[in-house]
1. Calculate the FRET efficiency for residue B:64 and residue B:106 from the Cβ-Cβ distance with a Förster distance of 22 Å, rounded to the nearest 0.05.
2. Going by how many other beta carbons lie within 10 Å of each one, how would you line up B:200, B:71, B:170, B:236, fewest first?
3. Determine the shape class of chain B: with a ≥ b ≥ c the square roots of the Cα gyration tensor eigenvalues, call it rounded for a/c under 1.5, and otherwise prolate if a/b is greater than b/c, oblate otherwise.
4. Zone of residue B:201 (label point 7 Å along Cα→Cβ, backbone N under 13 Å): which residues in region B:164-180?
5. For region A:289-347 and region B:205-232, write down the distance between their C-alpha centroids in whole Å.
6. Which residues does a label at residue A:299 reach in region A:42-82, if reach means a backbone N under 20 Å from a point 7 Å past the Cα toward the Cβ?
7. Mind checking the full-extension length gain between residue B:138 and residue B:44? Use 0.36 nm per residue of separation minus the Cα-Cα distance, one decimal, nm.
8. Taking a ≥ b ≥ c as the square roots of the eigenvalues of the Cα gyration tensor of region A:61-323, is the shape rounded (a/c under 1.5), prolate (a/b larger than b/c) or oblate?
């Protein structure tokens, strides 16, 4: 009896599946057609923006923002925002020979050369290093191309903080950098600044009313509502702030406030206000643009633009805290040194 | 034409519901409920969910008990619970039951939750924190408030884990109303609860999420680990939707709260 019921269920399920298939084109008619892989040729005009089931631009996938383009414009380039095709090609050839000038920033790739599957990232192989495909001379846009000067009050704030820690760097875990403590690592921080080689993977998943950004680094996850709700109350401050989003045409706009003063993005305070824009402009590219303002830190807002390129997974689990032997090793080492110094002084 | 299809679909669903009831009569199961559908016809599980029980204290039934920190008094005593294990008892192999007891005796020292380590599956589902399901077509992401834990359930062709991990590797598929998730490649370091219930690296978990009403899900997990248990066993519990209008997951980056415990003894002594 049970077997027969199961058989009829299977038959029904099959029938239902068919019904679904027949129905789905009709249901989909209200929406623009689905994703089509972009042609390899530069005929970008024929490309159609893929959309999710609820008709929003589809940003989903695994993206990589690795670049050696520096945040700030190298001195001597003046107001030059873009390289010519020729200059860009020359520069790319030069960097791949290992000739790193001021025009390139190797960032994370210089230091972190241990990774259990580095081939996935390609970043330690200088021959694969790349500049941002938008040919910008700096990630920061505009004629100046640099972070605006820091306000005197911000300089003082940051100097005081540094001074307080001076000479106490090894006293306690509280004196160690946030990245060592697995609280905020450079490439999980927002706004998202790329490194040259690793830790640049971002997975985007979209569900009804939400967009999720999952950074590979420290499994940092932002679940962003896009239903127009306001920020959480101002008295609740978070390391990564509070992000809410909305769609402006085909662009996802994410607004983030409620930062703590401790997360300090390039010396910012808790008044930091971040606006990020995500626009998919090719099958394999999203343009990521952010503007930061903080009236207690910079004289004016500043904006950067970074292309993100579609890449293959998987996104590994980055369990930073679970494997953190760094803090205990550093502190233990400092205590041993102190003990030895005390012994020596006693003799 | 379209109407006829719709009609046959509704009829099909009705028959299917009746058949489901006939085929799986279980007193524990709620009456068949058909969840709202995604555009591609799958049950819609998106939302913020939370368990409302004492499973994280002890999967098995337990009386109230004194907490581990006397100064916290009634605030952090162990609340009583009927347990969520089918058949009431976890079938440990004789040698492994002793290890469970030892874990329990050293709970605060050994429980990875105390250290803010990623919780693994199924514990993530019944920790006393909300989690959010974000359902897409090719994958389903679950973001947990505790420790910012996260997993992406692959809904495409099943794939193999590239490496063992704390949250494991999840392949999902639909069985009627139920999301079935097969979880493998979990680290052996996670526990099931605050009572020392544990597993080895051979852990295999099959989760089943079944909508039972607009705001509740049935959650079941079958746990198999031949190195630790004499047979597979099952837990089940309802999960409740956080229906507050402004419900959100907030940031709970807990490494900060475990640092004194982990690194405090290595702090520079004032006398030095």
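What follows is calculated from the coordinates using simple rules that are stated; it is not laboratory data. Fair warning: this is a prediction, and the values are worked out from it, not measured in the lab. With ideal geometry, Cβ positions are generated from the backbone for all residues, glycine too; neighbour counts draw on all protein chains shown.
1. Calculated value: 0.55.
2. Fewest-to-most ranking of B:200, B:71, B:170, B:236: B:71, B:200, B:236, B:170.
3. Prolate is the answer for chain B, as a/c is 1.5 or above and a/b outweighs b/c.
4. Only B:164-166 fall inside the zone, counting backbone N under 13 Å.
5. The distance from the Cα centre of region A:289-347 to that of region B:205-232 comes to 38 Å.
6. Counting only backbone N, you get A:72-80.
7. Gain in length upon complete extension: 32.5 nm.
8. It comes out rounded by the Cα gyration axes.
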